[in-house]
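Right, one structure below, let's go through it.
Where a number appears in this text, it was derived from the coordinates with a stated rule and is not lab data. All values reported here derive from a predicted model rather than from experimental measurement. Neighbour counts are summed over all protein chains in view; Cβ atoms, including those assigned to glycine, are modelled from backbone coordinates with ideal geometry.
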Amino acid sequence: MPKTSQRSTIADVARHAGVSKATVSRFLNHRDTMLTPAIAKRVEAAVMELGYKPSPMAQALKRGRSRLIGLVVADITNPYSVAVLSGAELACREAGYLVMLFNLGNESQRESAGIQALSSYKVEGFILNTMGHDAGAVLENAGQGRPVVLVDRMHQGLDVDFVSLDNPHAIGLCMDHLLSEGYRDFLLVSEPLGQVSSRIQRAKAYAAFVQAHGEALRGDSFECHAAGEAALMHRLKALRDNARGTPALISNNAVVTLRLIAAIAALGWRLGEDVGLIGIDDAPWAPFVGPGVSAVSQPTEQIGRLAARCLLQRLDGLAVPARTILLPGTLAARGSTRPRASRVVARA
């Protein structure tokens with residue numbers, strides 16, 4: 001009778017067929033030409049009767065390949081991480097690999113633990129979207145022959161493939177659009193910069209843009225903490241009180257955009273009328289908030305796919321210098337960056 005209470009093992013199959021485990025292994029690995037037809041038939045019958053299914057992991061490890069890719073993300077609640085995961089998983093699946101995910105939850109001290117945990121499962125390579133605090137753990141794995149591809153966030157001192165949004169270009173899209181709509185007073189709002197390269201790059205590009213335009217523009221920046229609603233609202237009121245006209249906010253990512261929308265609602269302001277708002281990351285809800293929230297969308301799924309392809313090429317033996325692939329964002333202009341004055345002029 002077939003076993004139903006627990007998973008059958010190769011030893012169970014061997015006992016049921018009256019052969020050795022090595023004989024069963026030969027049959028399972030399609031080396032039944034080494035067996036007599038009668039023995040092969042007995043093993044086949046035992047496999048069928050017991051409902052035995054060999055472990056893909058065990059078979060892969062015997063061949064020296066796990067067909068597993070480790071993906072570490074900073075925050076799985078961030079839509080960016082979800083979209084990157086989707087693109088990477090699809091590319092890996094098409095190539096016959098599975099993705100194992102480790103979520104840091106924005107806790108930088110877990111970087112090393114996450115990488116080590118995935119290493120214990122014998123992953124063949126890593127796609128990392130981490131906080132950038134533990135390059136040592138990455139170097140250790142790269143030194144063991146596991147290729148590494150970084151997504152969105154660089155690690156100092158690492159010479160590996162890197163795939164990301166072109167951050168200076170994205171900030172340029174935001175600022176050029178705001179200038180064309182007549183804004184002259186700006187505030188860039190971001191999560192704490194820390195060592196997160198993408199946030200730092202955007203902040204630097206913004207500062208350079210403001211400086212390049214001299215006194216024609218006034219621009220400042222503010223680091224917004226998750227529990228800092230009161231401080232954020234105070235900073236927004238100060239911006240509007242001192243602005244020469246309708247001020248504009250530039251959000252560093254979708255997480256900050258949501259915080260700004262909440263603060264603006266609490267202040268009783270109207271998007272596009274009392275304050276302008278544009279963000280990097282075009283979330284699915286952005287067109288439906290107020291008059292629609294302007295944003296620069298990231299090609300996130302494409303970023304995930306390209307990161308996976310870079311890694312798979314390395315696994316196939318590609319030996320070229322580390323590559324940096326920067327993809328452009330796309331501007332989606334909506335009502336949150338169209339002040340009343342500009343709409344009146346457009347109708348005249």
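Tabulated values for the structure
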read-out: Phi-based couplings in Hz for the range 285-299 (Karplus 6.51, -1.76, 1.60; Gly and Pro marked x); value: 7, 4, x, 10, 8, x, x, x, 9, 5, 7, 10, 7, 9, x
read-out: Residues with amide H under 5 Å from that of R334, placed H, sequence gap 5 or more; value: S294, A295
read-out: Virtual spin-label span in nm between R15 and A227, 7 Å along Cα→Cβ; value: 5.7 nm
read-out: Distance in nm between pseudo-label sites at D274 and A322 (7 Å out along the Cβ direction from Cα); value: 4.7 nm
read-out: At least 15 Å along the helix axis (C-alpha) and Kyte average at least 0.0, DSSP helices within the chain; value: 37-50, 79-94, 167-180, 254-267, 300-315
read-out: Mean shadow area of the chain over all directions, Cα convex hull, nm²; value: 23.8 nm²
read-out: For D166, distant residues with modelled amide H under 5 Å away; value: L327, G329
read-out: Distance (nanometres) between label positions extended 7 Å along Cα→Cβ at Q195 and A265; value: 3.7 nm
read-out: Kirkwood-Stokes translational diffusion coefficient of the range 186-299, alpha-carbon pairs, 10 °C, 1.306 mPa s, µm²/s; value: 110 µm²/s
read-out: Sites L179 and A117 - FRET efficiency at Förster radius 51 Å, r taken between beta-carbons, to 0.05; value: 0.60
read-out: R270 long-range amide H proximity, modeled H, under 5 Å; value: V275
read-out: Cβ-derived FRET efficiency at R0 51 Å, L28 paired with H169, nearest 0.05; value: 0.45
read-out: Stretch gain in nm, segment S297-R218, where the contour uses 0.36 nm per residue and the Cα spacing is subtracted; value: 25.9 nm
read-out: Gain upon complete extension [T77, R244; 0.36 nm per residue less C-alpha separation]; value: 56.4 nm
read-out: Principal axis box of the range 10-54, alpha-carbon based, largest edge first, Å; value: 23, 18, 16
read-out: Dipole of the chain, positive direction: furthest Cα of P291, A216, M154, with charges on the beta-carbon; value: M154
